[in-house]
Amino acid sequence: MDLKSNEPFWLVKNGIINSYPSLREHINCDVLVVGGGITGSLIAHQCMEDGFNTVLIDKREIANGSSSATTSMLQYEIDTPLYKLIDMIGEKGAIASYKACSKSIDQLQDICKQIKSKAGFKKKESLYFAALKKDVSQLKEEFEARKKAGFEVKWMEADEIEKKFQLKNTQGGILSKQGASVDAFMMVHEILEFNVRRGLKVFDRTELVEVTNTSRSSEVTTSIGSKIKANKIVYCVGYESTTMIKEKFVDLISTYAIVSEVNPTLSKEFNDILIWNTADPYIYIRTTDDGRFLIGGEDEEFRNPEKRDELIGQKEKKLQKTFEKLIPNIPFYLDFAWAGTFGETKDGLPYIGSHKDFKNSYFVLGFGGNGITFSVTGMEMVSNWLTGKKHPLNEWFKFGR
């Protein structure tokens with residue numbers, strides 16, 4: 001499946017950072033990580049931290065799937081508002097899920113420090129504003145739910161938002177202290193490079209085609225005939241999991257993003273904030289570490305890569321028009337436009353856990369707008385499972401929930 005189209009900004013900006021060989025021999029390991037995007041790199045990092053002999057494979061070049069197309073907004077807010085999630089799964093699970101995403105942002109910052117990352121990780125505030133007047137009452141209900149749960153939030157009226165952030169045509173919103181952004185493509189390469197130096201084996205252009213299992217291990221055969229014997233397999237394959245798992249558990253969505261030319265006059269107000277709204281589908285705005293605006297959204301049901309890509313020109317015009325409506329005093333000169341594919345689950349939560357059809361295996365599938373923060377939580381969950389411990393989020397992230 002083609003997960004992105006044209007050339008996303010991050011791929012062009014960074015070029016080829018590191019290259020890895022394909023696997024041409026038979027090898028053994030404790031843990032095989034399948035997928036070389038941000039999720040796979042994080043899981044491999046945790047496995048190395050825990051002392052496991054770890055191998056990572058990807059059928060493409062490293063980070064050339066969804067991780068090159070992500071907008072990399074790091075938020076604790078899940079696509080399903082907290083007050084609605086409480087109604088769906090109960091207060092305990094909903095608040096635990098939100099707090100795990102909040103904790104993940106700080107954990108990711110720690111990882112960036114550990115690997116001496118230059119991927120532009122930056123802590124930011126997050127503004128979630130009402131797109132329409134009719135959205136205000138529900139957004140205030142969301143504000144009260146977050147406040148009650150202990151999150152550091154502030155309600156802002158429309159005039160306050162305009163004065164502080166130069167943002168027009170809002171109806172008020174929630175300002176959260178916890179948020180961040182990063183260049184995920186670069187970070188994947190940095191994490192892997194750090195771990196290769198301490199023994200991680202990485203192979204790209206190495207596709208898993210067959211798995212045979214015993215009670216204690218699995219043997220993977222690749223597209224070029226090499227074999228990997230592993231005690232455990234962790235599948236970090238994102239939206240391509242829909243081609244592996246029989247039941248329908250996620251809806252695939254096409255999304256679009258555009259990036260402006262470098263704007264050296266970007267103010268601190270924009271560099272320190274993530275912006276998104278209550279529209280359906282919602283739009284989101286952030287700046288990049290090299291001084292550009294990024295706006296994304298205009299989501300719709302995924303049909304196939306060709307249909308998705310045909311709409312890029314139309315969608316870039318709509319996104320640019322939306323930007324001009326919200327921030328009319330700053331011109332947006334288009335530099336990049338691309339499409340990507342992501343998934344929506346019934347409750348906005350990821351699928352992280354074992355699946356009955358896959359022995360000796362776990363899946364870490366961080367869907368929705370929180371893919372990266374869910375993946376950080378997945379590090380802790382996989383670490384627990386590999387060392388024989390349960391995790392408190394098992395119940396809410398499992399398959400068949």
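The values are calculated or read from the model by the stated rules, or taken from the named source; none is laboratory data. Just so it is clear, the structure is predicted and the values come from calculations on it, not from any experiment. For neighbour counting, all protein chains shown are included, and Cβ atoms are generated from backbone atoms with ideal geometry for every residue, glycine included.
A few comments on the model shown:
- Note on the range 126-191: enclosed strands (runs of 3 or more DSSP E) holding 3 or more residues that are buried (at least 21 other Cβ atoms within 10 Å of the Cβ) are 173-176, 179-181.
- Applying the condition of being modelled with pLDDT of 95 or more and not in a strand (DSSP E or B) to the range 224-233 and asking which residue is surrounded by the most Cβ atoms within 10 Å (Cβ to Cβ) yields Ser226.
Residues are listed down the side, and each one gets a yes or a no for (1) at pLDDT 95 or above; (2) among the β-branched types (Val, Ile, Thr); (3) surrounded by 14 or more Cβ atoms within 10 Å (Cβ to Cβ); (4) in the same structural domain as Asn370 (by TED's automatic domain parsing):
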residue	(1), (2), (3), (4)
Gly90	yes, no, no, no
Ile95	yes, yes, yes, no
Lys103	yes, no, yes, no
Gln109	yes, no, yes, no
Ile115	yes, yes, yes, no
Ala119	yes, no, yes, no
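- If you go through the range 196-213 and keep only what is part of a loop (DSSP other than H, G, I, E, B) and either in contact (Cβ under 8 Å) with a residue 12 or more places away in the chain or not assigned by TED's automatic domain parsing to the domain that holds Thr243 (or both), you end up with Arg198, Gly199, Leu200, Asp204, Arg205, Thr206, Glu207.
- Taking the listed residues Glu344, Glu324, the one that is surrounded by fewer than 20 Cβ atoms within 10 Å (Cβ to Cβ) and within 19 Å of the chain's Cα centre (by Cα) is Glu344, with no other qualifying.
- For the range 38-71, a residue qualifies if it is out of contact with any Leu (no Cβ under 9 Å at 6 or more places or on another chain), surrounded by 24 or more Cβ atoms within 10 Å (Cβ to Cβ) and assigned to a loop (DSSP other than H, G, I, E, B), and the qualifying residues are Asp58, Thr70.
- For Thr242: the one exception among (1) closer than 26 Å to Phe323 by Cβ; (2) not in a strand (DSSP E or B): (1)
- Looking only at residues in the range 5-37 that are at pLDDT below 85 and over 19 Å from Val182 (Cα atoms), the one that is surrounded by the most Cβ atoms within 10 Å (Cβ to Cβ) is Ser5.
- Residue within the range 60-69 that is at pLDDT 95 or above, outside the structural domain of Tyr256 (by TED's automatic domain parsing) and touching a strand residue (DSSP E or B) at 6+ places or on another chain (Cβ under 9 Å) present: yes
- Scanning the range 3-36 for residues that are in contact (Cβ under 8 Å) with a residue 60 or more places away in the chain and under 23 Å from Thr287 (Cβ atoms) yields Lys4, Asn6, Glu7, Pro8, Phe9, Trp10, Leu11, Val12, Lys13, Asn14, Ile17.
- Cβ-Cβ distances below 6 Å connect no pair with a first residue in the range 304-318 that is surrounded by 12 or more Cβ atoms within 10 Å (Cβ to Cβ), a second residue that is in a helix (DSSP H, G or I), and a separation of six or more residues or different chains.
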